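Visitor: Right, I'll just put the structure down here and ask away after.
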Amino acid sequence: MKIDFSKEQLLSIYRSGGNEARLAIKEALGDEFASTLPVTERIKTLDDAVSELGEDNPAVKAYRSIKYGYAISETDPETADIMAYAALRVIYEALNEGWKPQFTKGEWRWYAWYDLVSPEQIEDMSEEEKCRVVGRADSNANAYGGLVCSDAYSVSTYSNTSVGSRLAFKNEELAEYAAKQFGEIFADFCFIPKAACKNDKD
């Protein structure tokens, strides 16, 4: 007896099922697995990324060790960046599906890119402006690794990052997807929560 599933049903089973369900779907779809269930549809949360990699994956083990072994709190502003980096390592590895940057000549690597603006500025933007960042190089515009942020300086806009080289994607689509889907985790990695900042006027 043959049972047909829709793509939506397969995704639901894959994302909510255990390892056996995931393996059965992978085997049933064979070479069509990646095109039928793209990684950007399978990985929507950190939990999805953990399930995709499995508990024996080194990045998952490191994340679990930091979270549970050292009693680091994800809500503590002093350690939120550590937890966020460990979580991003898991997310990047899951989305890259085995690809790792080799840092060889001619290799292309892609990074999450943010234009730092306030919520009020975003509200004032048109839909087109919300989807693009225009950067004019001051004297450089580079991305050595991790996360790229643009900033305005002397009228021109320049952008740069020089840390976190493990946080690289194999293509532009994944970098854009991760930046949008996991923005809150990127924010925890890069910034101290406003509530934790001391006010000099107090």
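The values are calculated or read from the model by the stated rules, or taken from the named source; none is laboratory data. Note that the coordinates shown come from a computational prediction; the quantities given were computed from them, not determined experimentally. Heads up, the Cβs are rebuilt from the backbone with ideal geometry, glycines too, and the neighbour counts pull from every protein chain shown. Side chains included, ligands, DNA and RNA excluded: accessible areas come from the protein's heavy atoms. Shrake-Rupley method; radii C 1.70, N 1.55, O 1.52, S 1.80 Å.
Visitor: Of all the residues that make up segment 1-27, how many are hydrophobic (A, V, I, L, M, F, W, C), open to solvent by 90 Å² or more (accessible area, probe 1.4 Å) and part of a helix (DSSP H, G or I)? Steps first, please.
Guide: Keep residues of segment 1-27 that are hydrophobic (A, V, I, L, M, F, W, C), which gives 1, 3, 5, 10-11, 13, 21, 23-25.
Next, only the ones that are open to solvent by 90 Å² or more (accessible area, probe 1.4 Å) stay: 1, 3, 5, 23.
Within this subset, residues satisfying the condition of being part of a helix (DSSP H, G or I) are 23.
The number of residues fulfilling the criteria is 1.
Visitor: Related question: Going by what's in this entry, would Glu184 be described as part of a helix (DSSP H, G or I), modelled with pLDDT of 85 or more and open to solvent by 100 Å² or more (accessible area, probe 1.4 Å)? Before you say what the answer is, go through the steps one by one.
Guide: Working: part of a helix (DSSP H, G or I): yes; modelled with pLDDT of 85 or more: yes; open to solvent by 100 Å² or more (accessible area, probe 1.4 Å): yes.
In short, yes.
Visitor: State the number of residues belonging to segment 112-137 that are open to solvent by less than 80 Å² (accessible area, probe 1.4 Å), in a loop (DSSP other than H, G, I, E, B) and either modelled with pLDDT under 65 or small (Gly, Ala, Ser) (or both).
Guide: 5
Visitor: Among (1) under 18 Å from Cys190 (Cα atoms); (2) surrounded by fewer than 18 Cβ atoms within 10 Å (Cβ to Cβ); (3) at pLDDT 90 or above, there is one condition Lys61 misses while meeting the rest; what is its number?
Guide: All conditions pass for Lys61, except number (1).
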